[in-house]
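Structure record follows, encoded as structure tokens.
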Amino acid sequence: DDINDCPSSVESFYEKQLARIVPHTGGVPDLDSLEFGLVKLVVVSQEPLHMKAVQGFLGCSYHKASVLQELLSVFFPLRGDCLHVYHKTVTDWLTREKTDGIRNMFYVDIKQANKTLCVMLSHSIRSWLEFQKGSEPSVDSECGGNGDVDDEVEMKKLLYSLRYGIFHLVSSGRIRDAYVLLVDARYLLARKENIISLLGDVMFMLQSIRSP
């Protein structure tokens, strides 16, 4: 269902709700706030994000991440510890720069959001690759393995980063970085359980290179 087929009141409702949640500075929504940071993170993510991953990517406490989720639950309900998008019209509206010629004050620039996420994804993957030097690549051993909460946060971040890192790198224009990752044996071994997904990443990168 395209958002063009929805009544304008739906967009008005979304805007009114976000305006109540996102902090304002001088009457203008603070798009760098943690509240809107969560919005951008969910919009650009390729699967429902686990709350531990949300905590890690936002760089906040689990309590703060939970508070943010509760504030935005009308848009992103929590199901099984993962954030879901309430309806496609939510992301359609957020990624639409203008409606009837009027700029959307809560517009999410997908490419810029990808770039922001890529910084964190790249750091997570680089740390893991460094840890794996001289040993058999294993997703289970990227942390200290002492069962600390921080280890679980890093694990959830890493699992997402390994699975979708190539997609986000290519989507943000970092083709060379995506290629370097795809020819790293440790990375390839870590994704050996899902060859189809890996091949999809290769095809996505090649298509992006061929595109004008």
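The values are calculated or read from the model by the stated rules, or taken from the named source; none is laboratory data. On a predicted model such as this, the values are computed, not experimentally measured, just so you know. Positions of Cβ are backbone-derived with ideal geometry, glycine not excepted, and every protein chain shown enters the neighbour counts. For the accessible areas, the whole protein counts, side chains as well, though only heavy atoms, and no ligand, DNA or RNA atoms are used. Shrake-Rupley method; radii C 1.70, N 1.55, O 1.52, S 1.80 Å.
Rundown of residues vs (1) buried (at least 17 other Cβ atoms within 10 Å of the Cβ); (2) in contact with a helix residue (DSSP H, G or I) (Cβ under 7 Å, 6 or more places away or on another chain); (3) within 24 Å of residue 172 (Cα to Cα), yes/no style:
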residue	(1), (2), (3)
24	no, no, no
35	yes, yes, yes
49	yes, yes, yes
57	yes, yes, yes
68	yes, yes, no
86	no, no, no
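Contact annotation: no residue pair with Cβ atoms under 7 Å, 6 or more positions apart or on different chains, pairs a residue in the stretch 60-80 that is without any contact (Cβ under 8 Å) to a residue 24 or more places away in the chain and more than 18 Å from residue 20 (Cα to Cα) with a partner that is open to solvent by 70 Å² or more (accessible area, probe 1.4 Å) and assigned to a helix (DSSP H, G or I). The number of residues in the stretch 56-102 being closer than 15 Å to residue 34 by Cα and not in a loop (DSSP other than H, G, I, E, B) comes to 13. The one condition from (1) touching a residue at least 40 places away in the same chain (Cβ under 8 Å); (2) in a loop (DSSP other than H, G, I, E, B); (3) open to solvent by 70 Å² or more (accessible area, probe 1.4 Å) that residue 115 does not meet is (2). Could you look through the stretch 62-105, keep only residues that are at pLDDT below 95 and of a type in the set (Gly, Ala, Ser), and pick out the one that is nearest to the chain's Cα centre (by Cα)? Selected residue: 80.
What about residue 35, is it of a type outside the set (A, V, I, L, M), assigned to a helix (DSSP H, G or I) and modelled with pLDDT of 90 or more? Yes: the conditions hold for residue 35. Among residues of the stretch 2-27 that are modelled with pLDDT of 90 or more, those with a Cβ under 7 angstrom from a residue that is of a type in the set (Asp, Glu), sequence gap 6+ or separate chain, pair up as 21/35; 22/30; 22/35; 23/30; 23/35; 24/30.
Within the stretch 183-212, residues that are under 26 Å from residue 131 (Cβ atoms) and open to solvent by less than 30 Å² (accessible area, probe 1.4 Å) sit with their Cβ atoms under 9 Å from residues that are in a helix (DSSP H, G or I) and of a type in the set (Gly, Ala, Ser), at 6+ positions apart or across chains, in these pairs: 187/165; 191/197; 201/165; 201/178; 205/178.
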